[in-house]
1. Just one of the numbered conditions (1) in contact with a helix residue (DSSP H, G or I) (Cβ under 8 Å, 6 or more places away or on another chain); (2) assigned to a helix (DSSP H, G or I) is not true of residue 45; which one?
2. I need the full set of residues from the range 92-121 which are over 24 Å from residue 50 (Cα atoms) and in contact with a strand residue (DSSP E or B) (Cβ under 8 Å, 6 or more places away or on another chain), in order please.
3. Mind telling me which of the residues 40, 70, 93 ends up being surrounded by 12 or more Cβ atoms within 10 Å (Cβ to Cβ) and over 12 Å from the mean Cα position of the chain (by Cα)?
4. Taking the range 1-37 on its own, how many of its residues are free of Cβ contacts under 8 Å to residues at least 60 places away in the same chain and buried (at least 19 other Cβ atoms within 10 Å of the Cβ)?
5. Within 20 Å of residue 7 (Cα to Cα), over 11 Å from the mean Cα position of the chain (by Cα) and surrounded by fewer than 16 Cβ atoms within 10 Å (Cβ to Cβ) - does that describe any residue in the range 106-121?
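The numbers here are math on the coordinates, done by the rules we state, and not lab data. Small disclaimer: the values here were computed from a predicted structure and weren't measured. Cβ placement follows ideal geometry from the backbone for every residue including glycine, while neighbour counts extend to all protein chains displayed.
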């Protein structure tokens, strides 16, 4: 089962100093942190902040190619968590045909923001991430939950690189 989520914001992991995209279930308080690379976080941050670059960035290029091919991104789905790595699929429609494209979640999320399509996470991923978090050297689920509960909109606003 797929759970619809929204990007709640970006933050830095105080332990690893890596960016984290915070996804939040639109129907509950469930959150899913996804650790991403610095460049991918920057691509997401640019779109969250609605910053216009002088030339198209990679995800803008992908959007432009899809539009030029008269294709629409229907949704992106975080499909799997395996060996501490998230996997995603971008679902594209062209000429009535649905095409699935393997993707890193960070790229799928950056594209989803640009084309304004829904973001989903498989329910099994949410369950797996809770189990994986218990065995992880990163923040414990309780540490992360406490940190997220204490954040306000300003904390989740501007993302500093």
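1. Every condition holds for residue 45 apart from (1).
2. First pass over the range 92-121, keeping only residues over 24 Å from residue 50 (Cα atoms): 93-102, 121.
Answer for the range 92-121, where residues must be over 24 Å from residue 50 (Cα atoms) and in contact with a strand residue (DSSP E or B) (Cβ under 8 Å, 6 or more places away or on another chain): 93, 94, 98, 99, 100, 101, 102, 121.
3. On the way: 40 fails: over 12 Å from the mean Cα position of the chain (by Cα); 70 fails: surrounded by 12 or more Cβ atoms within 10 Å (Cβ to Cβ).
Criteria check complete, one pass: 93.
4. Of the residues in that region, 1 qualify.
5. yes
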